[in-house]
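Remarks on the structure that follows.
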Number of protein chains: 2
Amino acid sequence: MDIPVLKGTRDYLPNEQIIREKIVGILIDKFKKYGFKPMETAILEYYSVLASKYAGGEEILKETYKLTDQGGRQLGLRYELTIKLAKVIGLNPMIRFPFKRYEIGKVFRDGPVKTGRLREFTQCDVDVVGVKSMAADAEFIAMTFDIFKEIGLDVKVLVNNRKLLNGIMEYVEIPEDKRISTILSLDKLDKIGKDGVIEELRESGISESQIDKLFQVIEGAAGSTQEKIAYFENIITNEIGKEGLQELKDFFSYCSAYEVPEDDVIFQPSLARGLAYYTGTMWEVYLKDGTIKSSVAAGGRWDEMIKNFLQSKLDYPAVGMTFGLDVIYEALKQKDFEGFIGKKDKIPMVLIIPINTLTESLTIAKKLRDAGISTDVIVEKKLKRALEFADKEGIPYVIIVGKAELEKNVVKIRDMQAQQETEMPLEKVIKILKG
Amino acid sequence: MDIPVLKGTRDYLPNEQIIREKIVGILIDKFKKYGFKPMETAILEYYSVLASKYAGGEEILKETYKLTDQGGRQLGLRYELTIKLAKVIGLNPMIRFPFKRYEIGKVFRDGPVKTGRLREFTQCDVDVVGVKSMAADAEFIAMTFDIFKEIGLDVKVLVNNRKLLNGIMEYVEIPEDKRISTILSLDKLDKIGKDGVIEELRESGISESQIDKLFQVIEGAAGSTQEKIAYFENIITNEIGKEGLQELKDFFSYCSAYEVPEDDVIFQPSLARGLAYYTGTMWEVYLKDGTIKSSVAAGGRWDEMIKNFLQSKLDYPAVGMTFGLDVIYEALKQKDFEGFIGKKDKIPMVLIIPINTLTESLTIAKKLRDAGISTDVIVEKKLKRALEFADKEGIPYVIIVGKAELEKNVVKIRDMQAQQETEMPLEKVIKILKG
């Protein structure tokens, strides 16, 4: 049969999935340590909900999978998880704030497929709703370092504040209706260079003197975080800019309280992110060694979205971030999976090869599993083929069970890497493998 | 805003999802212990793959969600996970057998919504491909008891063999084209009673003498498993029936080697399951106390499906089972969640309430988290409101951090259930909570 493969979707075989599950395990473990609780929302959704203008607008709608069910309902597959969080909050008035949740789930985008851009992929989102204090924003930064330390990747975080950016726009006198496009152009400094940004700004009708002034302000910021903030405090004296600067000061002071590595949280005044719903702090997490160019995680504050979506009079300040499972996987791949996946993570850790001792071998398997050791019994392969299988599958230990060994009350254990065999009682094997 | 809720889909809030995640965690842990590796397949699939006649036929197609993407491709959402396993095996000739994988993922059914029947739900599948020996079938039974013991539910397993059923059909001389419907009717004994089954058999054109003979054979089986098998060995002497009986004998002997509780694995000659692709052993797992009527897990051997699907000349014998996440959740709900979710599973385990000590409290939170204790800091609520919040959220411990305590190098810890407060150094708190 000729099996068609759907472009933009992927199946993950065990060799990859073991690593992805370990990454997800670390994420969940840390999310919980920081007080975030799990939530799971449905993938199928009314198209009308996904089409809400506050959910992300035109850009998102263009790439939303649409379908009609047998009852004639217009449905869509969720594009991201934030709209689902907003919906859950709207539907559950008994939720107590602050509400801290994580959700790890599939999202779908009916768009063009590029390298690293799939049509079906997993997002790992973590958000808190109901806290205005910058202590919440700083908590995400502390968690970020905690997570990547555990994963074994060195990262740095670039940070900015949307209110400060608005303050700069006001100071440079960019017209209201051109502020978003100006900020978006500025965000491309790393990608298209200064000349590219200037070209874009000219095309959108920003005057030469405004462009000069804008770069003067942005490029004038130098030195330590404190020095950059002090520099802006001298220049940006409008209300919104001052608010942004105060938020940045609070944010960095709480980061210190969390003992976040100071040199690795970098205030970058040109950083903007996708502007749709960010309102305050914004950050992007990059590998320090630059082996992967795109960010491995990113987040920010989005104080207005839920209120707008629910058309509520209540405020729902919110901060959150997304961890990119696939990009973290790629980053680890470029390093060293062996360091990440130890012998104990291998499945199975032990392969039992019965030599005409199947029944007894099943009982031995039970004892190993009861001791928490992942164990398999190979029932239809002879010794040589079974050893080859263990070798190719990367199984760390093989236990050979023959009649002679059973009579002596021992088993033969083979360390596949060291290629060494020893006879010993099963109890001793268990003790060693549990380590 | 009036938020529409899509019937047949569900969002799981933290109070439910913490329990579901714990169940899934136990499943994954045990799957690994038994040597099953994780796999993840795409939800979006070409409709033509899902429509393969070997994937389950008409019944499945009727309820498969269909959609067309922007490239005009005819797609569907996966209906179950087995067809995806077959596809992965077809696409990856480097896979070594036996291949043991588990997959936990969403499946979708565009059918009528009933109690306990959703349009979007999670399946927990675990299968082995490439083993003919009944040792594989017995391993699933051992794993089943191991899993439900850990979850804290008492279960029994009903077992039968499809080949034996075919042998009985042959013995009773049911015409070939009426065997499947006869077996399906027989399977309803528990649901519609003997009279109901007889009525169905009559309607499908089975003669009175055949019906009599059928019940005579089935009802004649009594006593212990060994006695039932011996009984059938006397009567069913055709090839297929003898093969089934030998498989049952092997199966029960391997179950013994795994020290499975003998009285809780019950040979039930009328059990049939959905017949589409089962070829040998079949089993269903029920709560012993009967508080939930439907099975909480079920499985069987399906030796032909992959070969047929791939139109391959190779054999792909396979055994597997599904655990019902939602029904296990319901079963636990009827008992006692408190016994299942301990203090250490609570998120957060500790809530820190700063009394004008936010910065210092963040540093204390860091220390607790570093010690592996899930911790939250409530930053915008005064003491009384914060204690109410902790109480309502069921947070086990509160740490109150005031200036006076900091000066004395202690914190105030409150056991919310016991309503007791004690002052002690943070190090001691950590020691107690890690306990």
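Worth a mention:
- For A:V401, the amide hydrogen comes within under 5 Å of the amide hydrogens of A:I353, A:I355, counting only partners 5 or more places away or on other chains and with H modelled in the peptide plane.
- Checking the Cα-Cα distances for A:K53/A:K188; B:K53/B:K313; A:K106/A:K293 against a 20 Å cut-off, the pairs over it are A:K53/A:K188; A:K106/A:K293.
- Distance in nm between pseudo-label sites at A:K333 and A:Q70 (7 Å out along the Cβ direction from Cα): 4.0 nm
- Diffusion coefficient, µm² s⁻¹, Stokes-Einstein with Kirkwood Rh over alpha-carbon pairs of the protein assembly as shown at 4 °C and 1.567 mPa s: 43 µm²/s
- In chain A, the ratio of gyration radius to Kirkwood radius, Rg to Rh, stands at 1.08 when only Cα atoms are counted.
- Counting DSSP beta bridges with both ends in region B:343-434, the antiparallel % (nearest 5): 55 percent
- Taking amide H atoms as placed 1.01 Å from N in the peptide plane, the amide H of B:T68 lies under 5 Å from those of B:L75, each 5 or more residues away in sequence or on another chain.
- Each of A:D137, A:D264 was scored by other Cβ atoms within 10 Å of its Cβ. Arranged with the fewest first, they read A:D264, A:D137.
- Among B:P112, B:V155, B:T122 the positive-end extreme of the charge dipole of region B:112-158 (Cβ point charges): B:P112
- Charged-residue dipole, Cβ positions (Lys, Arg, Asp, Glu), the protein assembly as shown about Cα centre, Debye nearest 20: 560 debye
- Inter-copy label distances at B:S209, using a point 7 Å along Cα-to-Cβ, come to 11.1 nm with the shortest given first.
- Each Cα pair under 8 Å and six or more residues apart adds its separation to the average, and for region B:255-364 the resulting relative contact order is 16 percent.
- Per-residue mean of C-beta atoms belonging to partner chains within 10 Å, peptide B:41-49: 6
- Size-normalised alpha-carbon gyration radius of region A:113-176, reference 2.2 N^0.38 Å: 1.60
- Of all the options A:A298, A:A331, A:A222, the one that moves most in a Gaussian network model of chain A with Cα springs shorter than 10 angstrom is A:A222.
- Dipole axis of region B:291-359 (+1 Lys, Arg; -1 Asp, Glu on Cβ), positive-most option in B:F309, B:G299, B:Q334: B:Q334
- Separation between Cα centres of region B:341-369 and region B:168-231, rounded to whole Å: 63 Å
- Most tightly packed first, judged by the mean number of other beta-carbon atoms within 10 Å of their residues, the peptides A:71-83, A:90-102, B:201-213, B:415-427 read A:71-83, A:90-102, B:201-213, B:415-427.
- Relative to the current alpha-carbon distance between A:K132 and A:K114, full extension at 0.36 nm per residue lengthens the span by 2.7 nm.
- Scattering profile of region A:207-246 at q = 0.17, 0.26, 0.30, 0.34 Å⁻¹ [log10 I(q)/I(0), Debye over alpha-carbon scatterers]: -0.48, -0.90, -1.01, -1.07
- Shielding of B:375-385 by partner chains, average beta-carbon count, 10 Å: 4
- Shape parameters for region B:339-379, alpha-carbon atoms, Rg then Dmax in Å: 11.3, 37
- Over all Cα atoms in region B:1-82, the spread is summed up by Rg and Dmax: 17.2, 50 Å.
- Nearby aspartates and glutamates by direct alpha-carbon distance to A:K7 (threshold 18 angstrom, same-chain neighbours under 8 apart not counted): A:E63, A:D110, A:E120, A:D326, B:E40, B:E45, B:D69
- Looking down the axis that turns chain B into chain A, the chain B residue with its beta carbon nearest that axis, and the gap rounded to whole angstrom, comes out as B:L67, 2.
- Per-residue HN-Hα couplings for region B:365-381 [Karplus 6.51, -1.76, 1.60; θ = phi - 60°; Hz; x = Gly/Pro]: 4, 4, 5, 5, 5, 4, 7, x, 9, 6, 9, 10, 10, 9, 9, 10, 10
- 7 Å along Cα→Cβ, label-point gaps from A:K431 to other copies, nm, shortest first: 3.0
- Rotationally averaged projected area of region B:258-360 (alpha carbon convex hull; nm²): 13.2 nm²
- Our summary gives region B:343-434 a relative contact order of 30 percent, counting only alpha carbon pairs under 8 angstrom and 6 or more residues apart.
- CD proxy at 222 nm, helix term only [per DSSP H run n ≥ 4: -39500 (n - 2.57); per residue of chain A; nearest 500]: -13000 deg cm²/dmol
- Taken about its Cα centre, chain A carries a charge dipole of roughly 1680 debye when the Cβ of each Lys and Arg holds +1 and the Cβ of each Asp and Glu holds -1.
- Sequence-ordered 3J(HN,Hα) estimates for region B:242-257 from the Karplus curve with 6.51, -1.76 and 1.60 and θ = phi - 60° stand at 4, 4, x, 5, 4, 4, 4, 4, 4, 4, 5, 6, 5, 4, 4, 4 Hz, glycine and proline given as x.
- Each residue of region B:33-42 was assigned a 3J(HN,Hα) from its phi angle through the Karplus curve 6.51 cos²θ - 1.76 cosθ + 1.60 (θ = phi - 60°); the sequence is 4, 8, x, 8, 9, x, 9, 9, 10, 6 Hz, with glycine and proline shown as x.
- Calculated label separations, B:E380, copies of the chain, 7 Å along the beta-carbon direction, nm: 6.2
- GNM on chain B, alpha-carbon springs under 10 angstrom: the most fluctuating residue among B:K132, B:K403, B:K242 is B:K403.
- Nearest-ten-degree value, helix A:383-393 long axis tilted from longest Cα axis of chain A: 10 degrees
- Here region B:152-290 has an Rg and Dmax of 14.9, 47 Å, counting Cα atoms alone.
- Among the residues of A:22-30, the average count of other protein chain beta-carbon atoms within 10 Å of the residue beta-carbon is 1.
- Most mobile of B:A138, B:A386, B:A51 in a GNM of chain B (Cα contacts under 10 Å): B:A386
- P(r) tail, region A:30-131: Cα-Cα pairs separated by more than 15 Å, 65% of all pairs.
- The equivalent ellipsoid of region A:347-434 has semi-axes of 16, 15, 13 Å, largest first, where each one is the square root of 5 times an eigenvalue of the Cα gyration tensor.
- Residues A:C255, B:C124, sorted so that the one with the fewest Cβ neighbours within 10 Å comes first: B:C124, A:C255
Read-outs: derived from the displayed coordinates by stated rules, not from any lab. Remember, it's a predicted structure, so these values are computed and weren't measured experimentally. Cβ atoms come from the backbone with ideal geometry, glycine included; neighbour counts cover every protein chain shown.
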